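No value in this document is a laboratory result; all are computed from the given coordinates. Everything quoted here is computed from the prediction, not taken from an experiment. So basically every Cβ, Gly included, is an ideal-geometry build from the backbone, and we count neighbours across all protein chains shown.
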Amino acid sequence: MTNRTAPAAPPAGRARPRIRGVPLLAAGAAFLGMLDATVTNLAVPGLREDFPGASLAGLTWVITLYAVLFAALLAPAGRLADVAGRRALFQAGVGLFTLASLACAVAPGLGALLTARGVQGAAAAAMIPASLAVLLHDTEPERRAAAIGLWSAAGAFAAAIGPAVGGLLVDALGWRSLFLINIPVGVAMLLGGLRLPRATGSGGRRPDLLGTALLGGGIGALALGVTQTRDWTWTDARTLGLLAAGAAMVALAVTRSVRHPVPALEISLWRSRPFALTNAVSFLYGTALYTWLLVGVLFLTGHWHYSVLKAGFASTPGAFTATAAAIVLGRLTSRIGTRPAVVGGALLMLAAGIWCYAALPDEPRFSTFWLPLGLLVGAGMGALSTGTASAAALSVSPSRFAGATGLNTTARQLGGALGIAALAALLPADAGRSDYATVYLFCTLAAGGAAIAGLWSGVRPPSAERGPR
């Protein structure tokens with residue numbers, strides 16, 4: 001067969017043709033990053049057996065340290081993917097995540113485990129924006145909304161199924177298995193990532209290192225201050241000190257970003273009203289999401305007296321409706337825009353919250369209450385996850401996909417930290433039905449706020465003819 005001349009480059013304004021396996025790689029990164037944010041919720045009893053000298057507060061840092069580093073480094077990592085190249089950051093993030101997972105699995109003590117979990121959270125922060133940038137840069141403009149739906153579905157499914165996976169693995173194989181399962185997946189993703197095209201960043205200069213350190217440290221201090229209100233009070237000097245230091249560092253990072261040629265934080269992104277409002281929706285969505293997932297496990301085990309394994313499986317059905325909603329709405333947003341997914345998803349969560357607050361039963365009623373409630377709220381979570389990710393990415397130009405995604409996911413993670421802190425403040429040790437209902441009311445109010453903000457956050461995806469902006 002004779003050789004032909006190389007095909008012409010795609011027309012200006014069009015994305016390069018899709019590369020086989022890219023959607024699976026991107027979805028795998030989203031799945032791993034979000035799964036490890038929730039899968040360890042049910043591991044604390046097993047950790048107490050292996051580390052009997054550790055306090056309960058110390059053990060909870062296995063969960064919170066991951067979330068803090070994840071939230072703190074998402075925005076700088078997103079900017080680094082734009083500047084240094086999406087493939088380089090994707091491979092680095094996946095490789096570091098895999099090594100950190102191995103370190104977690106073989107950790108000889110709590111200190112080593114916490115250190116490895118911090119590294120794992122930082123690696124997840126690199127994977128999330130880089131994976132979406134890889135996906136969108138190698139997807140045609142008219143297919144980007146559907147691609148975001150697949151990516152969001154993987155993350156939504158992972159977040160929702162995390163408690164069930166955690167309960168099953170811990171019950172059968174012990175807590176170390178939670179980290180061992182990441183290793184073969186990570187290795188496969190590394191090998192698959194070698195097929196990705198090498199991509200240069202938007203410029204030769206790296207982001208402002210000092211600004212990046214200030215931004216990461218500031219977000220970390222704020223998240224840590226909010227998280228530690230479980231053990232401290234809002235007026236505790238340590239809490240106030242962390243919040244003040246975090247706010248000061250973020251303010252300095254913003255000030256530097258206004259004038260730096262390659263800022264750690266692209267202030268100009270917030271000049272887009274849809275992007276700014278999408279970040280507000282993501283913050284409120286994260287507040288409702290993480291609070292809902294945790295209070296459900298606590299209610300099932302503490303009030304209905306389910307076992308850890310049974311509680312994990314009882315939380316599973318919503319994962320399937322979350323995945324289905326994310327995929328379906330990801331395809332529809334290419335025609336109808338992102339507002340229906342954002343507002344519709346928030347209203348579904350609002351309806352589920354009102355139902356739960358008004359009718360939360362004292363006695364177990366899985367088939368007539370918990371199952372339909374989980375299916376309803378799962379659909380809302382999937383729709384919101386797709387809507388906010390699509391609106392954030394499609395409201396900016398392709399060269400800023402990763403930075404926009406990092407900022408948007410940071411907003412969701414910080415909302416989750418606030419939600420967990422509010423749960424701790426609202427739920428006493430001897431909680432009764434009314435106490436749990438109050439937490440669900442808090443989730444309902446957050447979902448209502450997301451619906452209101454979502455009314456003005458819609459973005460219409462670019463058509464194939466127009467190309468990306």
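Each listed q (0.13, 0.14, 0.18, 0.21 Å⁻¹) maps to a log10 I(q)/I(0) for the range 286-382 from the Debye sum over equal C-alpha point scatterers, namely -0.46, -0.53, -0.82, -1.05.
The packing ranking of peptides 367-379, 214-226, 181-193, 436-448, highest mean first, is 214-226, 436-448, 367-379, 181-193, where packing means the average number of other beta carbon atoms within 10 angstrom of each residue.
Taking 7 Å steps out from each Cα toward its Cβ at L240 and L102 produces label points 4.8 nm apart.
Once the chain from D50 to E140 is taken as fully extended at 0.36 nm per residue, the excess over their C-alpha distance is 27.4 nm. If the chain linking T233 and L298 were pulled fully straight, counting 0.36 nm for each residue of separation and taking away their Cα-Cα distance, it would gain 21.2 nm.
At full extension, L24 and S272 could sit 86.2 nm farther apart than now, given 0.36 nm per residue minus the alpha carbon distance.
Placing pseudo-labels 7 Å out from each Cα toward the beta carbon at A425 and A359 gives an inter-label distance of 3.1 nm. Taking the fewest neighbouring Cβ atoms within 10 Å as the starting point, the ordered list for H260, H137 is H260, H137. With both labels modelled 7 Å from their Cα along Cα-to-Cβ, the A251 to K310 distance reads 5.3 nm. Distance distribution note for the range 208-263: the fraction of Cα pairs above 20 angstrom is 29%.
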